[in-house]
Amino acid sequence: MGAWHGTALLVGAVLGPGMLVLPHLAAAAAGPASVLAWAGMLALSVPVALTFAALGARYPGGGGVAAVVGLAFGRRAAAVAGWWFYGAVPIGTVAGALVGGQYVEACLGVDATLAACLILAAAFAANAAGLRTSGRLQIGFVALLVALLATAVLVAAPHADPANFTPFAPYGLAGVAGAAGVLMFAFVGWEAASHLSGEFATRNGLVRATAVTLVVIGLLYAGVSVTSVGVLGADMSAVPLTGMLELGLGPVARPVTGVVAVLLTFGAVNTYIAGAARLGASLAADGALPRWFARGGGPGRTPYRSLGLVLALSVPVLVWATDLDLLMRATSACLAAVTSAGVAAAVRMLPRGRHRTTAVVGTGMSLVGLAFCGAYLLVPAVLGLVALAAISINPRRSYKIGL
């Protein structure tokens, strides 16, 4: 795999449909000062991304964060990291579907919850039928999202009003911290470098792809965060991209944005459900879930039992927790915990020198970002206890590291 192909996959891992609604959620928490939270999260991304790139280049096996954590800290730590990601998927996929639902309601007039249910049902049906979003189609979705965000910034920026940045910080530093907590949703995914490391033709290809991805993500996030506030104000609607596009393109932007939102959210939800089903089967094979769920986890097979468990966990989330801000913050806390564990493992796994120093900096900054999640850290805490309880039932089962 070349650097450009790898860049597309890395951009797709970090950039997701959450960007369709995060400018609104961040501005609601911090007002115009939400741009400071975006800047802080971008600064956090640099050492974290470079750490995972260095880790992937040194251990090019594609085992993922749980495998690296297991190699560094042991089987129990690997189980906890695996459960953090596995538990985040039912919450995050429902959040993603609701993002699409909000855009469908605003742009096409269909009830948001109904649209979210249809997106989820289609994604689970596709996985049950053995259909997967192909790599090329995923790259197409990434290109579509990049084009949507870039177009929104370019057409809306001329309409920016400096008055929209005053008062700048109506909720103080606490508001900025709150915005950073929800924005963690948009800054996880760098661990994909360790998954993709073995696919690059050269080790330098992974490093170049990571560097280019940092530039792309930085430009897009900075452009969207500043332009959305400057054009729409801190009290922007829950569908800010629609408002930005309408300013520059007129009414035609509304139905187009609704259709695009459905495509983007379905693609992301479908992919995460597929990944979670396979992760569940893997956790069961390693003793972190009942062995019964391991069936169907082999190559080319569909892990129906694990898929059914993901569905069973998603239904109550959809029924009881329709607050999008709550769902995204809970997901952010879980994924931020996974990222923190990964960079902490890198401190032990990487040799002395600049790469380990970068990992130390990344670990410190990740822990600060994790602290911004506040009370939502209860979610990964509970998942960690569940993982430890599950793994204690099978204390003698061997743990296989996929590196």
When you go through 197, 225 one by one, which is the residue that is small (Gly, Ala, Ser), at pLDDT 90 or above and crowded, with 22+ Cβ neighbours inside 10 Å?
-> 225
Hey, residue 368 touching a helix residue (DSSP H, G or I) at 6+ places or on another chain (Cβ under 8 Å) and closer than 16 Å to residue 81 by Cα or not = no
Where residues in segment 114-142 are closer than 18 Å to residue 278 by Cβ and among the aliphatic types (A, V, I, L, M), which of them is surrounded by the fewest Cβ atoms within 10 Å (Cβ to Cβ)?
-> 129
Within segment 16-48, considering residues that are under 19 Å from residue 103 (Cβ atoms) and open to solvent by 10 Å² or more (accessible area, probe 1.4 Å), the one farthest from the chain's Cα centre (by Cα) = 28
Are there any helices (runs of 4 or more DSSP H) wholly within segment 231-341 with 3 or more residues that are in contact with a Phe, Trp or Tyr (Cβ under 9 Å, 6 or more places away or on another chain) and crowded, with 18+ Cβ neighbours inside 10 Å, and if so which?
-> 253-285, 304-320
Only residues that are under 25 Å from residue 10 (Cα atoms) and of a type in the set (D, E, K, R): list them for segment 253-286, please.
-> 278
Flag for residue 174 being farther than 30 Å from residue 233 by Cβ and out of contact with any Pro (no Cβ under 9 Å at 6 or more places or on another chain) = no
Collect the residues in segment 56-74 that are modelled with pLDDT under 85, closer than 17 Å to residue 388 by Cα and either surrounded by fewer than 21 Cβ atoms within 10 Å (Cβ to Cβ) or in contact with a Leu (Cβ under 7 Å, 6 or more places away or on another chain) (or both), keeping them in residue-number order.
-> 67
Taking residue 145 as meeting all but one of (1) in contact with an Asp or Glu (Cβ under 7 Å, 6 or more places away or on another chain); (2) open to solvent by less than 20 Å² (accessible area, probe 1.4 Å), write down the number of the exception.
-> (1)
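The values are calculated or read from the model by the stated rules, or taken from the named source; none is laboratory data. Everything quoted here is computed from the prediction, not taken from an experiment. As a convention, Cβ positions derive from the backbone with ideal geometry for all residues, glycine included, and neighbour counts pool all protein chains shown. Surface accessibility is based on the protein's heavy atoms, side chains included, excluding ligands, DNA and RNA. Shrake-Rupley method; radii C 1.70, N 1.55, O 1.52, S 1.80 Å.
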